[in-house]
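Shown next, in structure tokens, is the structure this report addresses.
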Amino acid sequence: MPNASPSRTPMPVAVHVLGLSVFALGTSEFMLSGLLQPIARDMDVSIPQAGLLVSAFAIGMVVGAPLLAAATLRLPRRTTLVALLAVFGLGQVAGALAPTYGVLFASRVVSALACAGFWAVGAAVAVSLVPVDARARAMAIMVGGLSIANIAGVPAGALLGQHAGWRAAFWAVAALSAVGLVGVLALVPATQPPTGADAPRLRTELAIYRDRQVWLALITTALNAAAVFCLFSYLAPLLTETAGLPESWVPTVLALFGVGALIGTTIGGRVADAHLFGTMYGGIGAAAVVMAVLALTAHTAAAAIGMAVLLGVAAFTTAPALNARMFNVANAAPTLAGATTTSAFNLGNTIGPWLGGLVIGAGWGYPAVAWLGAGLAALALLTTVVAGRVHGSASRVVARSAVPQHEREPVG
């Protein structure tokens, strides 16, 4: 009997539980895009300074993913996931109680460290539970947690910020993390780390960083994230101060961005396993075009809303492919592959809001941030083209090496 096609491979319930846990993590990571203005007012800081809280979370993710992946390499994975969710929840409580901007900043870094570890270990668990040709779909479910966070969690956080104070949003995420913790305990299978010759070795996993394809995948992921989040982090003030929408509209537009993200994740999850590079070309290129159009039409409310939705579609169509690509080129080190993807994504999420803040601080306006995003996406598309050519060249070499010497065509 032929093997089931990837589209028909049933997803284990544990993968869905991990995706639901990511909902809490993603809500915390992205909800500040709708809370920048109330936080800035309450903490008496500027909008760009409040935007640095997004970068603070991303910095913690960049540093935390490889460190925690290495530190927990030989620990039981479910135990590790539970511990990280507990620390993450405590970080949300600290943020809700933060008396100063500095304490809030520190709480974001601590929460991000735990979030990074969860992503790295959770992604490794998810891909270990499915066949190789279903990895993009498994990662689409993980990324889908982010999409649902953008549809429900981020707008809900913005609403709470407007009506109950921004601290209420942090309390809500703390409660969500507790629910995720219970789900992981109940439904993610308990596994013991391999021992003896099969035990994971840090030196072996670190060897993946000698591969240029790993570095190309890392750079592409970082540039793509920087492109999207340099704009997304300042989407709320762009909508209110440039497009002229009232602040009450911000949760609705963020929810529409999330709907676009869910559509994009669904598309990417369905096509990326069969058309990995095509998905990356299409998604990254579309994001560049959308942000350029937004830069030109940002003063028109309807156009700004429409481009926000399309940006969600384009950005999240690419996400499953970028994740699956890293696991493919770093197959010998699944834990560090997940950590590397997390670090790359959040490196971009650190650089993007920082660069966007510089543009705003220079007085160039919010449309200039959209131009910056389009330029960064163009660079990500360029590195994807390079990776595709290197991949094609490597494939040809492998194919030729399988042909007997006397049957090979001459070179040159």
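3J(HN,Hα) couplings calculated from phi for the stretch 219-231 with the Karplus curve 6.51 cos²θ - 1.76 cosθ + 1.60 (θ = phi - 60°) are, in sequence order, 5, 4, 4, 5, 5, 5, 5, 4, 4, 6, 8, 5, 8 Hz; Gly and Pro show x.
Reported to two decimal places, what Rg/Rh ratio describes the stretch 272-380 when computed on Cα atoms with Rh from the Kirkwood expression?
Radius of gyration over Kirkwood radius for the stretch 272-380 works out to 1.04.
Looking at the calculated P(r) for the stretch 81-178, what percent of the C-alpha pair distances fall above 18 Å? Roughly 55 percent, once rounded to a whole number. Note on V259 and T100: the extension gain reaches 53.8 nm, defined as 0.36 nm multiplied by sequence separation minus the Cα-Cα distance. Whole-Hz Karplus values for the stretch 312-328 come out as x, 4, 5, 5, 8, 5, 6, 4, x, 5, 4, 5, 5, 4, 5, 5, 5 Hz, taken residue by residue from phi with 6.51 cos²θ - 1.76 cosθ + 1.60 and θ = phi - 60°; glycine and proline positions read x.
Our coupling estimate for the stretch 174-190, obtained by passing each phi through the Karplus curve with A = 6.51, B = -1.76, C = 1.60 and θ = phi - 60°, is 4, 5, 4, 5, 5, 5, x, 4, 5, x, 5, 4, 7, 10, 7, x, 7 Hz, Gly and Pro reported as x.
Placing +1 on the Cβ of every Lys and Arg and -1 on the Cβ of every Asp and Glu, with no other charges, gives the chain a dipole of roughly 840 debye about its Cα centre. Taking one quarter of the surface of the C-alpha convex hull of the chain gives a mean projected area of 22.0 nm². The solvent-accessible area of L90, taken with every protein chain present and a 1.4 Å probe, is close to 120 Å². The length gained on full extension between V13 and L206, counted as 0.36 nm times the residue separation minus their Cα-Cα distance, comes to 66.4 nm. Distance from the alpha carbon centroid of the stretch 20-58 to that of the stretch 63-86 works out to 24 angstrom. Here the accessible area is traced with a 1.4 Å probe on the protein chains. For the stretch 4-127, carbon and sulfur cover 71 percent of it. Projected label points at D42 and D133, each 7 Å from Cα along the beta carbon direction, are separated by 5.1 nanometres. Take the Cα radius of gyration of the stretch 23-150 and divide it by 2.2 N^0.38 Å, N being the number of residues; the result is 1.13. The mean sequence distance of close C-alpha pairs (under 8 Å, at least 6 residues apart), as a share of the length of the chain, puts its relative contact order at 25 percent.
A 1.4 Å probe run over the stretch 124-171, with the rest of the protein chains in place, finds 31 Å² accessible per residue. An ellipsoid equivalent to the stretch 204-306, defined through the eigenvalues of its Cα gyration tensor, has semi-axes of 32, 15, 13 Å when rounded to whole angstrom and sorted largest first.
Counting 0.36 nm for each residue step from V93 to T300 and taking away their Cα separation leaves a gain of 70.6 nm. Residue ranking by accessible heavy-atom surface, 1.4 Å probe, largest first, among I305, I267 comes out as I267, I305. By the compact-protein rule of thumb, 2.2 N^0.38 Å, the alpha-carbon radius of gyration of the stretch 11-56 corresponds to a ratio of 1.58.
The values are calculated or read from the model by the stated rules, or taken from the named source; none is laboratory data. Keep in mind that what you see is a predicted model, and the values were worked out from it rather than measured. Every residue, glycine among them, receives a Cβ derived from its backbone with ideal geometry; neighbour counts consider all protein chains shown. Only protein heavy atoms, including side chains, enter the accessible area calculation; ligands, DNA and RNA are left aside. Shrake-Rupley method; radii C 1.70, N 1.55, O 1.52, S 1.80 Å.
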